[in-house]
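Engineer: The structure that follows is given in the form of structure tokens.
The values are calculated or read from the model by the stated rules, or taken from the named source; none is laboratory data. What you see is a predicted model; the values in this text were computed from it and never measured. Ideal geometry is used to build each Cβ from the backbone, glycine not excepted, and the neighbour counts take in all protein chains shown.
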Amino acid sequence: MVDDAADGMTGRYLLVLDDDFLDDTDRARVAVQEVCGGERPATTREGAPAPGRPRLFPELGVAVAELSPQQLAAARADRRLLGVEPERVRHAIGLSEEYLRGFRDAAQFLHAQLTAGAVAAAQFGDTEELTWGLQATGVAESPETGAGIAVAVLDTGLDLEHPDFAGRDVETRSFVAGQTVQDAQGHGTHVAGTACGPLAPSSGRRYGVAHEARLMVGKVLGDDGTGTDADILAGMSWAISSGAQIISMSLGADVRAVSTAYETAGRRALAAGTLVIAAAGNNARRSAGNPGFVGVPANSPSIMAVGAVDPSLAVADFSAASSTVDGGQVDIAAPGVDVHSSWPRPQVTRTISGTSMATPHVAGIAALWAQRTGARGQQLWAQLVQAAQRLPLPASDVGSGLVRAPGA
Amino acid sequence: MPEKVTVSLADDAVARIDEVVAALEHGGLRVEQVLRAIGVITGSVDTGRVKALGDVAGVVAVEPERTVRLPPPESDVQ
């Protein structure tokens, strides 16, 4: 049992309404009333409300209310709300005795932690139901599915007969001369699985994020795992003109200098409402003192660069660090060590590591945000980095932190 | 020796991409793809004529084509 008051909570919840309720007090009042089970909220203009009655601050688009566990669950899934959080007791900061006592306790706590060695580290692991990555990013708790959003995965193609994609409407195109989109390499089937794999796979745990997104597969890397700028850029151009809101690219070259072609493509994609997400690269050997650097195309300022963390949320040994070129920073991090996902038949699934595996976690979660908020392009980028869970690690390694699903 | 290149267009040249393509062809580019959605053109050109393509009006960059390579499929780190 958690004692709310002792925990600094009031037992009430803050309901943050979507922006389009800001100008419409009547609609906001109706929405809050529905969430709170029929009780009409008092607005700030009516003076102090009766205890227990929900209270609406129309100019802020925020309400405070008591919610039953059932109402709380419904509120978390309610698309009209941007967030639901427990209300906390806050105190003015002054040199009261209480404040000084709190300061002393906090200082003692920090001192004890430092002298004890370390803060207890997170430790995730695959369960029978879920991969560790879906747990760590809150995907399992998110009510969004990616429905209505198109995610283009540019890679080695997809095993089109894979049981986990059977019956799925997948739009495909090969940009590799003389090769079909069928994945003979494996990499593409793995990353597509993480971004858009099913809610209930044919065997084993769930590994896919945006299971109702429209999956577009562009084969830009051949069966030998190589690809040219021309084919990759052609894939990006196809994805943008075909209406993809998100492009996932688990590929790159260990080149420090930014490519004008990729930066131009990334910038025009954002302008068209398409967010391009790319792997930071695996050129680090941190255990040997080499932090590596973000390569092309992830080092383009207009392309989001994804680093990899492990199940204890430490940066992966291979995950490239930010470089000093303009755009060469890691923007966000995602699960990229021991990632279980789909693999071409007959193997069906496989567990591998890499910033390639981190990237489709961000792409899938971007689809969840795009579905929830309607954000596209630069605005979607901002939502992802804003919602990321901060990690006690250098921003040069993990950017703004661990990608986080909406509603989690 | 012909080499493969990627040509990026300036923002104000994207709307007249066909004119730029014609000028690039005149400059020796054998055009392979015109990627309208991103304002990028790919093709091949003799090494001695690469530099002059960068002077074509509306072109902001001419870059040699790169190849990316995944680790072998059996690798644990991809």
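Engineer: Can you name the residue in segment B:30-68 that is polar (S, T, N, Q) and in contact (Cβ under 8 Å) with a residue 12 or more places away in the chain and is also surrounded by the most Cβ atoms within 10 Å (Cβ to Cβ) among such residues?
Structural biologist: B:THR42
Engineer: Please note which helices (runs of 4 or more DSSP H) are completely contained in segment A:290-408 and include at least 2 residues that are free of Cβ contacts under 8 Å to residues at least 60 places away in the same chain and surrounded by fewer than 24 Cβ atoms within 10 Å (Cβ to Cβ).
Structural biologist: A:377-387
Engineer: Taking A:GLY188 and the conditions (1) more than 14 Å from chain B (Cβ to nearest Cβ); (2) free of Cβ contacts under 8 Å to residues at least 40 places away in the same chain, which numbered condition does it fall short on, given that it satisfies the others?
Structural biologist: Every listed condition holds for A:GLY188 apart from (1).
Engineer: Considering only residues that are of a type in the set (Ser, Thr, Tyr) and within 14 Å of chain B (Cβ to nearest Cβ), which ones fall in segment A:350-391?
Structural biologist: Step one: filter segment A:350-391 for residues of a type in the set (Ser, Thr, Tyr), giving A:351, A:353, A:355-356, A:359, A:373.
Within segment A:350-391, A:THR351, A:SER353, A:THR355, A:SER356, A:THR359 meet the criteria.
Engineer: Now for a different question. Could you tell me which numbered condition B:PRO71 fails, if it satisfies all but one of (1) surrounded by 15 or more Cβ atoms within 10 Å (Cβ to Cβ); (2) without any contact (Cβ under 8 Å) to a residue 24 or more places away in the chain; (3) outside any loop (DSSP other than H, G, I, E, B)?
Structural biologist: Only one criterion in (1) surrounded by 15 or more Cβ atoms within 10 Å (Cβ to Cβ); (2) without any contact (Cβ under 8 Å) to a residue 24 or more places away in the chain; (3) outside any loop (DSSP other than H, G, I, E, B) is unmet by B:PRO71, namely (3).
Engineer: Here is a further query. Please specify each residue of segment A:173-225 satisfying the condition of being in a strand (DSSP E or B) and within 19 Å of A:ILE277 (Cα to Cα). Break it down into steps so the answer makes sense when it comes.
Structural biologist: Going through segment A:173-225, the residues in a strand (DSSP E or B) turn out to be A:173-174, A:182, A:206, A:214-219.
The answer is A:ARG214, A:LEU215, A:MET216, A:VAL217, A:GLY218, A:LYS219.
Engineer: I'm checking my understanding of the structure. Among residues of segment A:137-163 that are outside any loop (DSSP other than H, G, I, E, B) and buried (at least 24 other Cβ atoms within 10 Å of the Cβ), which one is nearest to the chain's Cα centre (by Cα)? Please lay out each step first, then the result.
Structural biologist: Filtering segment A:137-163 for residues outside any loop (DSSP other than H, G, I, E, B) gives A:139-141, A:150-155, A:158, A:163.
Of the ones still in play, those that are also buried (at least 24 other Cβ atoms within 10 Å of the Cβ) are A:139, A:151-155, A:158.
Details: A:VAL139: 8, A:VAL151: 14, A:ALA152: 16, A:VAL153: 16, A:LEU154: 19, A:ASP155: 20, A:LEU158: 23 Å.
Among them, the one singled out is A:VAL139.
Engineer: Return yes or no: is A:GLY227 under 23 Å from A:PRO344 (Cα atoms), at the interface with chain B (Cβ under 9 Å from one of its Cβ atoms) and at pLDDT 95 or above? Let's see the steps before the verdict.
Structural biologist: Numbers: under 23 Å from A:PRO344 (Cα atoms): yes; at the interface with chain B (Cβ under 9 Å from one of its Cβ atoms): yes; at pLDDT 95 or above: yes.
Judged against the criteria, A:GLY227 is a match.
Engineer: Among the residues of segment A:266-283, which ones are under 12 Å from A:ALA239 (Cα atoms), in a loop (DSSP other than H, G, I, E, B) and more than 11 Å from every other protein chain (Cβ to nearest Cβ)?
Structural biologist: A:GLY273
Engineer: May I ask you to list the residues in segment A:239-257 that are surrounded by 21 or more Cβ atoms within 10 Å (Cβ to Cβ) and of a type in the set (A, V, I, L, M, F, W, C)?
Structural biologist: Let us first name the residues in segment A:239-257 that are surrounded by 21 or more Cβ atoms within 10 Å (Cβ to Cβ), namely A:239-240, A:244-252.
Of everything in segment A:239-257, those that are surrounded by 21 or more Cβ atoms within 10 Å (Cβ to Cβ) and of a type in the set (A, V, I, L, M, F, W, C) turn out to be A:ALA239, A:ILE240, A:ALA244, A:ILE246, A:ILE247, A:MET249, A:LEU251.
Engineer: Among A:SER400, A:SER302, A:SER312, A:SER341, which is touching a His at 6+ places or on another chain (Cβ under 6 Å), more than 12 Å from A:ALA279 (Cα to Cα), of a type in the set (Gly, Ala, Ser) and modelled with pLDDT of 95 or more?
Structural biologist: Criteria check complete, one pass: A:SER341.
Engineer: Additional query: I need a count of the residues in segment A:233-243 that are part of a helix (DSSP H, G or I) and either more than 7 Å from chain B (Cβ to nearest Cβ) or over 27 Å from the mean Cα position of the chain (by Cα) (or both).
Structural biologist: Matching residues across segment A:233-243 total 3.
Engineer: Shifting gears a bit: Restricting the search to segment A:327-343, which residues are closer than 18 Å to A:VAL209 by Cβ and among the aliphatic types (A, V, I, L, M)?
Structural biologist: Within segment A:327-343, A:ILE332, A:ALA333, A:ALA334, A:VAL337, A:VAL339 qualify.
Engineer: In segment B:1-60, what residues are part of a helix (DSSP H, G or I) and either within 8 Å of chain A (Cβ to nearest Cβ) or under 19 Å from A:ALA272 (Cα atoms) (or both)?
Structural biologist: B:ASP11, B:ASP12, B:ALA13, B:VAL14, B:ALA15, B:ARG16, B:ILE17
Engineer: Another question about this same structure. Can we say A:LEU251 is within 16 Å of A:VAL276 (Cα to Cα) and outside any loop (DSSP other than H, G, I, E, B)?
Structural biologist: No.
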